[in-house]
Amino acid sequence: MKSLMNFVIDGDIEGFKEYLDSGDTIYFNESECFDTEAEAFAYCADIDYGVDERAPAERYPLRSSEETDLPFIEAIKLLMILHTKF
């Protein structure tokens, strides 16, 4: 079974949306916003600090500045909107 991160890494937006619709419990952290690119890079560099490099990644940053990440960000936003209505 693929993880959400694998769908993003593979560029599989349809698989990502299906996974979101599957009913599995998924937790998303609050989005982080930065004033400068340097702040964003520093945050991303710190995500896996102290984690064994051989271990699978537990977090994967989606960046609104990256065209390839935008469909995934929009899918998550839509999911959040739908869940707050019910």
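Read-outs: derived from the displayed coordinates by stated rules, not from any lab. Small disclaimer: the values here were computed from a predicted structure and weren't measured. Because the Cβ atoms are built from the backbone with ideal geometry, glycine has one as well, and the counts that use them run over all protein chains shown.
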Of (i) 0.97; (ii) 1.04; (iii) 1.09, the label for Rg/Rh (Cα atoms, Kirkwood Rh) derived from the coordinates:
(i)
Nothing charged except the Cβ atoms of Lys and Arg (+1) and of Asp and Glu (-1): what's the magnitude of the dipole of the chain about its Cα centre? Round to the nearest 20 debye.
360
Given Cα pairs under 8 Å that are at least 6 residues apart, what percent is the relative contact order of the chain?
29
